[in-house]
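The values are calculated or read from the model by the stated rules, or taken from the named source; none is laboratory data. None of these values were measured; they are calculated from a predicted model. Cβ: placed from backbone, ideal geometry, glycine included. Neighbour counts: every protein chain shown. Quick note on the areas: whole protein, heavy atoms, side chains included, nothing else; ligands and nucleic acids left out. Shrake-Rupley method; radii C 1.70, N 1.55, O 1.52, S 1.80 Å.
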Amino acid sequence: MSLADILTNKSPNYDTWKDVTITTIHVKNLDWTGLHTGPTGYTGSTGPTGSTGYTGSGGPQGIIGFTGDTGPTGDTGYTGSTGDTGPTGYTGDTGPTGFTGYTGYTGSTGPTGYTGSTGSTGPTGYTGFTGYTGYTGSTGPTGYTGFTGYTGYTGSTGPTGYTGFTGYTGYTGPTGPGDFIYYNSGGALTNNLYQLFGAEKGIEAQAQILIGKTLTISKLKVNLVAAPGVGATRTFTMRKNSVNQTLTVSITGVATTGSDLVNSFGVVSGDLISLQHTAAGGPTSSVGICNITYN
């Protein structure tokens, strides 16, 4: 029988040997077949870890046993009396304050970490519904209108004071320089047309001025933008009720201005006056600017 048979329980008398404690084995002519261990081979690399198997379902929880009764609490022993407090000892003098230690230098500030990206904004929540408007309460009754107080009596009218005397009428001052009526052809002068301010009319009634009171018309003055030219003449004549008056101005040749400061004529309320322009000798195109004085 070999030692391997003994150690692997292959002995014919296993029951006899199973309780025997082997303390010393003398190796002599012992069959070592199958027991000789050769040199340990190199350990192969570890194979890949297999996938984890499915975790089985948990078994049912067992029944929780009953909690036993709590035993009775023992009696609390008596607390002994507190002893007398001893006298407080004298406080010793305060020792001198030690010097303040030097402040250590401040270390350099570490770099600021990178700021993480801002997360996306979450969706806006739904707006809650607007609550119902409460009903308007009924209007209370209108209070009574108080009575109107009595109107007091009107006092008597006091006496009228004396009228003061009328002051003396001052003397009439000298006649002023008078006012003006202005004319402007508004464009190139045309023969035998009547002047307005900014235009000319071929029909005299469309250019007449109605007089409202007794006046004297005088001092006709004329300016031309361009002289009539050699051998040409422009004439401006005042008219009363469609009749030529002696107040007239003629401009000839290279002249551009003219005036009649001598002649005049009178008008009364209801008279019509007008200013007529005539041309002779083919004068150069020009705008006519005129005025008269009335007082």
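For segment 220-258, filtered to residues that are in contact with a Phe, Trp or Tyr (Cβ under 9 Å, 6 or more places away or on another chain) and in contact (Cβ under 8 Å) with a residue 60 or more places away in the chain, the residue that is nearest to Asn191 (Cα to Cα) is Val222. Applying the selection to segment 53-70, what residues are open to solvent by less than 100 Å² (accessible area, probe 1.4 Å) and at pLDDT 75 or above? None; the set is empty. Of these, Thr175, Thr133, which one is farther than 30 Å from Asn223 by Cα and at pLDDT below 95? Step by step, each of Thr175, Thr133 is checked, and only Thr133 is farther than 30 Å from Asn223 by Cα and at pLDDT below 95. Only one of the numbered conditions (1) in a loop (DSSP other than H, G, I, E, B); (2) of a type in the set (Gly, Ala, Ser); (3) open to solvent by 30 Å² or more (accessible area, probe 1.4 Å) is not met by Ser286, and that is (3).
Here is a check on your reading of the model: is Ser269 open to solvent by 30 Å² or more (accessible area, probe 1.4 Å), at pLDDT 95 or above and among the polar types (S, T, N, Q)? Spelling it out, Ser269 is indeed open to solvent by 30 Å² or more (accessible area, probe 1.4 Å), at pLDDT 95 or above and among the polar types (S, T, N, Q).
Can you pull out every residue in segment 34-52 that is open to solvent by less than 100 Å² (accessible area, probe 1.4 Å) and modelled with pLDDT under 70? Walk me through it before giving the result.
Residues of segment 34-52 that are open to solvent by less than 100 Å² (accessible area, probe 1.4 Å), as a first pass: 34-35, 38, 41, 44, 47, 50.
Hits for segment 34-52 are Gly34, Leu35, Gly38.
Can you say whether Lys240 is at pLDDT 95 or above, under 60 Å from the mean Cα position of the chain (by Cα) and charged (D, E, K, R), as far as the supplied structure shows? So Lys240 does not fit the description; no. Would it be correct to say that Ser242 is among the polar types (S, T, N, Q) and at positive phi? Considered against the rule, which asks whether it is among the polar types (S, T, N, Q) and at positive phi, Ser242 comes out as yes.
Within segment 192-209, can you find the residues that are part of a loop (DSSP other than H, G, I, E, B) and surrounded by 13 or more Cβ atoms within 10 Å (Cβ to Cβ)?
Step one: list which residues in segment 192-209 are part of a loop (DSSP other than H, G, I, E, B), which gives 192, 196, 198-199, 202-203, 207-208.
Answer for segment 192-209, where residues must be part of a loop (DSSP other than H, G, I, E, B) and surrounded by 13 or more Cβ atoms within 10 Å (Cβ to Cβ): Leu196, Ala199, Ala207, Gln208.
In summary, Leu275 fulfils each of the numbered conditions (1) within 20 Å of Gly178 (Cβ to Cβ); (2) open to solvent by 60 Å² or more (accessible area, probe 1.4 Å) with the single exception of condition (2).
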